[in-house]
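Below: the structure, in structure tokens.
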Amino acid sequence: MRKPTFSMGGVHPHDNKISRECAIQPLPLAPVVYISVAQHIGAPSVPCVAVGDKVKVGQVIAEPGGFVSAYIHSSVSGTVKSIGPRPDLAGRPSTHIEIAVEGDEWLEGIDTTDTLITTLPEDNKATVEKIKLGGVVGLGGATFPTHVKLSPPPGSKCERVIINGCECEPYLTSDFRTLLEKGEQVVVGAAILRKVMGDVPCTIAIEENKPEAIAHIKEVIAKLGYEGIEVMSMKMRYPQGGEKQLIDAVMHRQVGSGALPISVGAVVQNVATALAVYDAVQKNKPIVDNSVTVTGECFPKQANLLVRVGTPLRYIVDYLGGVPENAAKIISGGPMMGRAVANLDAATVKGTGALLFLTEEQTRRAPESNCIRCGKCADACPMGLEPFLLVRLSRAKDVEALEANAAQDCIECGCCLYSCPAHIQLLDSIRIGKGSVLGAIRARAAAAKAAAEAAKK
Amino acid sequence: MTSTIIWTIAVVTVLGLVLALVLYLVAQKFKVEEDPRIDEVEKVMPGANCGGCGFAGCRAFAEAAVKAPNLDKNYCPVGGNDTMAKVAAILGYEVKAKAPMVAVVRCNGTCEARPRVNDYDGYASCVVKSTLYTGDTGCAFGCLGCGDCVNACQFGALSMDPVTGLPVVDEEKCTACGSCVKACPKFIIELRPKGPRGMREFVSCVNKDKGPVAKKACANACIGCGICAKTCTHEAIVVENNVAYIDPAKCKLCRECEAMCPTNAIHGVNFPKPLDKEAVKARIKERQLKAKEAANA
């Protein structure tokens, strides 16, 4: 039988999961952590501690700055040293809370034991509130606040919860290790999520290159005896972990342009998010740490580490023996969608999933030549766009035509760039075009809003 | 044989006349009334279609100028005052002469002064680079060096200096159309008045970081110390967000700020003589002493 996958486009890069045998190990505490207040999509949080305050692990240090925003908790115990701008991964200044670490004292009420709590809470509203208070955001990469996703707008109904364990990006293994080592917690988290959404069926989607994880999760589900949760073994294909692609693969439904997954009755959560939901609801433990894969062919010590939020990247790298001499580029995230790290002094955030070291040879870009109109990029695009056309329109700054050709639907997966035989920097140009289209759409919405308000008066 | 030729000629002639009549009638019926002055204005325009005036091209400018009640909002920076005088003569408007402008690159972060802290190997475009990160130097505000401004210039007035890694403006060719200003994602290029005989004074830095941070990233950075603003006797300099700005309308080109700037961030160009810093500093000191004495007295 053919394994399920999404219907359009996609590529198949070598998965290179060289750190798959490394168990998740906790990283020793850094002497000082820098916790960003902009760790999620949406409004930055507002710091609610002052310089000199003593904080404990799990204490709220920043409150949501809007509806789409999240609580941020201290990941260490110690003293707040400063609150101010500090360059992030890309070198752009954003507000960070600096905390000097003193011991490791957790806030009262947080259950730090390993006992598995399988009885699900009765009150769904209280559960969502707990998820919100736990600062849970989507840990698949987009860091969208989870409580917002779990509160669908009136009129829309969830029909299936999908737990995303695809981990389709090459090199990354943190979700795989989480499934193997914390499978029980993930399954309980999935059970909580499906109960919150109204006892809908739940699918845990795992790609076929992780047979151990598939077998383990099936075992766990049988052992815990939850109903309505199934495991689906997926065909290996990038970008299967993309929300819209996964919904297509599991439910055979297409999310429309500009629409949210809930419009087709789907809610997608990452494996790590399910674990964070379990921690927040059953253990009262907010997100204070996350697992980070540190890998790369040129990196001598592969590892999956449990890292406290806000740990400086340099501390992680130094712990594992420093930057290898032949490493030319460090990437935060996977090789397909990750961003190059310009600043090792930056700190991890909730969404940091990996640190990848690549050599000069691996990162070399071939010189761009002319488009030969082979159409490989259009074949590879999982959103059904025409990258060759979008690039031309983007370079010509034709915003209207870009919008007509749906540049705003680009998910920036990089399949076009990966498949282009002429080495045209498709994604870089399309991203600019997408930005200008989204800007035009926002400007139009703002103008319409202003006009409506003027009409009211 | 002969009759065939005659018939052919006759038929074609009659057909031609009939069709000409039809075309004439149709043209009369669907004639587009257009102000003849539009054509006249377009004729005196430079014809570069650069869009520097804010309209799609010279024709669009001409149409807008004819419709407009006055020429306050319509100015062709490429043609300058000469062209605008001709346009005004055609339309019977008055035109206010504007000072000729020139593009000024406000970054002096040369390769030597501003060390690279990482290597950028991505797509060679400043816009792309600026969306990815703050750049390959410690300065988050300076020139990214990919030459988007050079590509935007339709007059060949900009070029990248391979030694400094910064764009250079050819003042002869620059028409102040503003394409480069729009192309630069860091807002480094500014249109400033050309000044008398091309002489002008400007701060060649836009770094908003605090002094020590800016200085660490680039030896030529403005550190926002405010010495220039204190020295200036014409109130032409404002220091805002840790960076100084010289208002060209107020600057009297005395070059005192340039002499006093500790990081040489203030540049004076096209002056006939090189600046004698010590002499100017002595002059300022003497003046300040006198002012102090006067205040004491």
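Key figures for this structure:
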quantity	calculated
For residues of A:342-354, the mean tally of beta carbons on other chains within 10 Å	1
Average Cα contact separation per residue, region A:3-86, under 8 Å, 6 or more apart, as relative contact order %	23
Pairwise FRET efficiency - B:Gln28 versus A:Arg92, Cβ, R0 = 45 Å, nearest 0.05	0.10
Rel. contact order, % - alpha carbon contacts under 8 angstrom, at least six apart, chain A	19
Euclidean distance between Cα centres, region A:255-326 to region B:238-277, Å	51
Intensity falloff of chain A expressed as log10 I(q)/I(0), Debye formula with alpha-carbon point scatterers, at q = 0.06, 0.12 Å⁻¹	-0.26, -1.11
Region A:86-232 - convex hull of the alpha-carbon atoms, volume per residue in Å³	174
Set of aspartates and glutamates near B:Lys98 by C-alpha distance (under 16 Å), chain-local residues within fewer than 8 positions excluded	B:Asp72, B:Asp82
Table column - 3J(HN,Hα) (Hz), region A:235-246, Karplus curve with 6.51, -1.76, 1.60, x for Gly and Pro	5, 6, 6, 9, x, 4, x, x, 3, 5, 5, 5
Karplus-derived HN-Hα couplings along region A:136-149 (A = 6.51, B = -1.76, C = 1.60, θ = phi - 60°), whole Hz, x at Gly and Pro	6, 10, x, 8, x, x, 7, 6, 7, x, 5, 5, 5, 5
12 Å beta-carbon shell around B:Met260, net charge (K/R +1, D/E -1)	+3
Packing-based order for A:321-330, A:267-276, A:344-353, using average beta carbon neighbours within 10 Å, highest first	A:267-276, A:344-353, A:321-330
Peptides A:113-122, B:129-138, B:246-255 ordered by average Cβ neighbours within 10 Å, highest first	B:129-138, B:246-255, A:113-122
Net charge over other residues, Cβ less than 11 angstrom from the Cβ of B:Gly57 (K, R count +1; D, E count -1)	-1
Straight-distance crosslink candidates among lysines, where the alpha carbon sits under 29 Å from A:Lys457 and sequence neighbours closer than 8 are dropped	A:Lys449
Spatially proximal aspartates and glutamates relative to B:Lys230 (Cα-Cα < 16 Å; intrachain offsets below 8 disregarded)	B:Glu240, B:Asp247, B:Glu256, B:Glu258, B:Glu286
Entries of B:Lys73/B:Lys252; B:Lys182/B:Lys277; A:Lys329/B:Lys216; A:Lys81/A:Lys195 with Cα pairs more than 30 Å apart	B:Lys182/B:Lys277; A:Lys81/A:Lys195
Rounded if a/c under 1.5, otherwise prolate or oblate - region A:272-330, Cα gyration tensor axes	prolate
Local net charge near B:Phe155, Cβ-Cβ under 13 Å (Lys/Arg +1, Asp/Glu -1)	-2
Kirkwood hydrodynamic radius (C-alpha pairs) into Stokes-Einstein, region B:20-165, 20 °C and 1.002 mPa s, D in µm²/s	112
Mean-position separation - Cα centroids, region A:6-50 and region A:178-232, in angstrom	22
Amide H contacts of A:Ser82 (H built 1.01 Å from N, under 5 Å, at least 5 apart or other chain)	A:Glu98
Residue of B:Ile266, B:Ile223, B:Ile38 that the Gaussian network model of chain B assigns the largest fluctuation, springs spanning Cα pairs under 10 Å	B:Ile38
Descending principal axes extents, region A:59-140, alpha-carbon based, whole Å	44, 33, 21
Dipole of region B:144-187 [Lys/Arg +1, Asp/Glu -1 at C-beta], most positive-end residue of B:Gly145, B:Cys184, B:Val163	B:Cys184
Interchain or long-range residues, amide H under 5 Å from B:Leu158's placed H	B:Asp170
Computed over region A:1-82, Cα set: Rg, Dmax in Å	19.9, 62
Rounded Å value of the spacing that divides the Cα centres of region A:329-354 and region B:156-196	35
Among the listed pairs A:Lys3/A:Lys244; A:Lys235/A:Lys285; A:Lys3/A:Lys283, those beyond 25 Å (Cα-Cα)	A:Lys235/A:Lys285; A:Lys3/A:Lys283
Cβ charges +1 (Lys, Arg) and -1 (Asp, Glu), total dipole of chain B, debye	940
Distance between modelled label sites at A:Ser82 and B:Glu40, nm, 7 Å Cα→Cβ extension	6.8
Value of relative contact order over region A:316-420, rounded to a whole percent, pairs C-alpha under 8 Å and six or more apart	24
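Every number in this text was worked out from the coordinates using simple rules, so none of it is lab data. Here the structure is a predicted model, which means the values were calculated and not measured. Cβ: placed from backbone, ideal geometry, glycine included. Neighbour counts: every protein chain shown.
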